[in-house]
Amino acid sequence: MFRQVYIDGLLEKLEDQEFRDYAFNALKIFRSKPWSIDDGDTVSMPFIDVYCQKPKGMEINLIDWIEAALAWQRVLSNTMIYKFIQCPALAKKDADIKGNNQIISSLTELYSGIIKDSGFYGGNYGADGHIEFFKPPLSNNTYFPLEVGYCSSDQINTHIFTNNCFARLPYNSEYIVIFEVIQNSLS
């Protein structure tokens, strides 16, 4: 149900010619090559996997491509900033709540004095978990809703619109990426 409301909202925005031109130009740029985020040194991750990773055998739909492209424009314009946090282990399947919680909750010990609280609770609605910092690691936020594994763009956008931030641990990644939108806009 929520996904349909989200899709309807995006389709309504796409009725505006200016937004549509911007969105499809962003999509053209985004699809021109496999864009990645990096730390300028050793870490590099495909942005599409960070923003909306799909299970193997599933195609990323047009809505997710558009939203990832719009988010990529935010990264390029420095209105969405990010930072990597090394994770002690790769994410486990969603159903392994105990295993994922062990990985995520260990961040408070690994980053003592930096990460105040962290946990994984799983589920299909809302965040999979959270990471809370003692002080803002990027700009303003200290609490980051966490999505682990497969994720769609509407879930990420929900976190952006409600918190201006999110954290992602895609499958097969050794790093959690925290993002903060420092200038929130719908385009």
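Show that you can apply the helix-only estimate: for the chain, add -39,500 (n - 2.57) for every DSSP H stretch of four or more residues, divide by all residues, and state [θ] at 222 nm to the nearest 500. Don't skip to the answer; put the middle values down first.
Working: 7 runs with 72 residues, N = 187.
Dividing the helical sum by the residues of the chain leaves -11500 deg cm²/dmol.
When Rg and the Kirkwood radius Rh are both evaluated on Cα atoms of segment 90-187, their ratio Rg/Rh stands at 0.95. Its alpha carbons considered, segment 87-146 gives a radius of gyration followed by a Dmax of 11.6, 33 Å.
Per residue, how much accessible surface does the chain expose to a 1.4 Å probe? Answer in Å², no decimals. Mind showing how you got there, number by number?
Values: 9880 Å² over 187 residues.
Computed with neighbouring chains in place, this is 53 Å² per residue.
Here the chain is assigned +1 on the Cβ of each Lys and Arg and -1 on the Cβ of each Asp and Glu. Its dipole about the Cα centre then comes out at about 260 debye.
Heavy-atom accessible area, probed at 1.4 angstrom with all protein chains present, ranks Tyr121, Tyr175 as Tyr121, Tyr175, highest first.
The HN-Hα couplings worked out from phi for segment 141-153 by the Karplus form 6.51 cos²θ - 1.76 cosθ + 1.60 (θ = phi - 60°) are 7, 10, 10, 10, x, 10, 10, 10, x, 5, 7, 10, 5 Hz, whole numbers, x standing for Gly and Pro.
Relative to the Cα centre, the charge distribution of segment 94-187, modelled as +1 at Lys and Arg Cβ and -1 at Asp and Glu Cβ, gives a dipole magnitude of about 200 debye.
Considering only protein heavy atoms and a 1.4 Å probe, what is the carbon-and-sulfur percentage of the accessible area of segment 1-78? Walk me through the numbers on the way to the answer.
On the way: 2560 of 4710 Å².
In segment 1-78, the share of accessible area belonging to carbon and sulfur is 54 percent.
Overall, the accessible surface of segment 130-187 at a probe of 1.4 angstrom is composed of carbon and sulfur to the extent of 45 percent. Cross-link partners of Lys92 among aspartates and glutamates, defined as those whose alpha carbon lies under 19 angstrom from its own and excluding same-chain residues fewer than eight positions apart: Asp49, Asp128, Glu147, Glu174.
Each principal axis of the Cα cloud of the chain was taken in turn, and the coordinate range along them, longest first, works out to 50, 31, 29 Å. In whole Å, what is the distance between the alpha-carbon centres of segment 19-38 and segment 85-131? If we compute the Cα centre of each part, the gap is 31 Å.
What's the extension gain from Ile114 to Thr42 if we count 0.36 nm per residue and subtract their Cα-Cα distance?
Numbers: separation 72, 0.36 × 72 = 25.92 nm, distance 2.19 nm.
Extra length from Ile114 to Thr42 when fully extended: 23.7 nm.
The values are calculated or read from the model by the stated rules, or taken from the named source; none is laboratory data. Bear in mind the structure is a predicted one, so any value in this text is a computation, not a measurement. Here Cβ is always computed from backbone atoms with ideal geometry, including for glycine, and neighbour counts include all displayed protein chains. Just the protein is used for accessible areas: all its heavy atoms, side chains included, with ligands, DNA and RNA removed. Shrake-Rupley method; radii C 1.70, N 1.55, O 1.52, S 1.80 Å.
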